[in-house]
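Since the structure comes first, as structure tokens, the remarks are kept for the end.
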Amino acid sequence: MEPKQITLAAIFIAAVVAAFLVKERINKKRGESGEDLAKVRRVVEKLLPGSGSYTIAYATYMTDHSVGNRITKYYYHYAIAFKPGELFVAPIQYNGGEVSYQGSGTLLTKDNLGQLKPKGDSCAFFGKDGKELCAFCVYASNTRQDKYQPFNIQQKEQAEAYKAFLKEFISQVNG
């Protein structure tokens, strides 16, 4: 390669990196406004009576499934609410700037859970029959990446509260 081509390639790479960083910063600022988290909060308020006594957060999970040499990614999004001994979970979707929910949500307690299995940042929740009910993690920072990761939510306090809640909840359920 000639020096001119190397210079152009370096400028192109720098421009792409700069565009990505600017986009991340803008999305983080949008997340700090609380707009998407407020939409998640409204879902919980519709589905969970007495939700004011719960900490409400956004949770997500991504998993890969391989068939032959093809890998498919699945994304799951949840509105959650928790307080000592109870975890409410409702699957949600993001379409056209609006958050909608599927079903009526589920209240998880030590009475209807068989086991909790932490795995990395996430935790899997299993029913008394041993079937996995759901798995997710609560991140402090979530920025819109594409249509599969559509939320701009900054929730540092909720993520810290969930981490403390989960530690206690695991000991209650798993014994």
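The values are calculated or read from the model by the stated rules, or taken from the named source; none is laboratory data. Not measured: the values here are computed from a predicted model. All Cβ positions, even for glycine, are placed from backbone atoms using ideal geometry, and neighbour counts span all protein chains on display. Quick note on the areas: whole protein, heavy atoms, side chains included, nothing else; ligands and nucleic acids left out. Shrake-Rupley method; radii C 1.70, N 1.55, O 1.52, S 1.80 Å.
Observations on the model:
- Remark: the Lys128-Ser171 segment gains 13.9 nm on full extension, using 0.36 nm per residue and subtracting the alpha carbon distance.
- Hydrodynamic estimate: the Kirkwood radius of the range 124-175 over Cα pairs, inserted into Stokes-Einstein at 10 °C and 1.306 mPa s, corresponds to D of 123 µm²/s.
- Solvent-accessible area per residue in the range 47-175 equals 55 Å², computed with a 1.4 angstrom probe and all protein chains kept.
- The slack in the chain from Ala161 to Ala140, taken as 0.36 nm per residue of separation less the alpha-carbon distance, amounts to 6.5 nm.
- Cα-only radius of gyration and Dmax that characterise the range 57-175, units Å: 14.7, 44
- 17 Å reach of a label modelled at Thr109, 7 Å along Cα-to-Cβ, counting backbone N of the range 53-94: 53-55, 81-89
- Karplus-derived 3J(HN,Hα), 6.51/-1.76/1.60, for each residue of the range 111-126, Hz, glycine and proline x: 6, 10, 10, x, 6, 10, 10, x, 9, x, 6, 9, 9, 9, 10, 10
- The string of couplings for the range 41-53 from the Karplus curve (6.51, -1.76, 1.60, θ = phi - 60°) is 4, 5, 4, 4, 4, 6, 9, 10, x, x, 5, x, 8 Hz, one whole number per residue in order, with x for Gly and Pro.
- Label separation (Lys83 vs Glu45): 1.7 nm, computed from points 7 Å beyond Cα along the C-beta direction.
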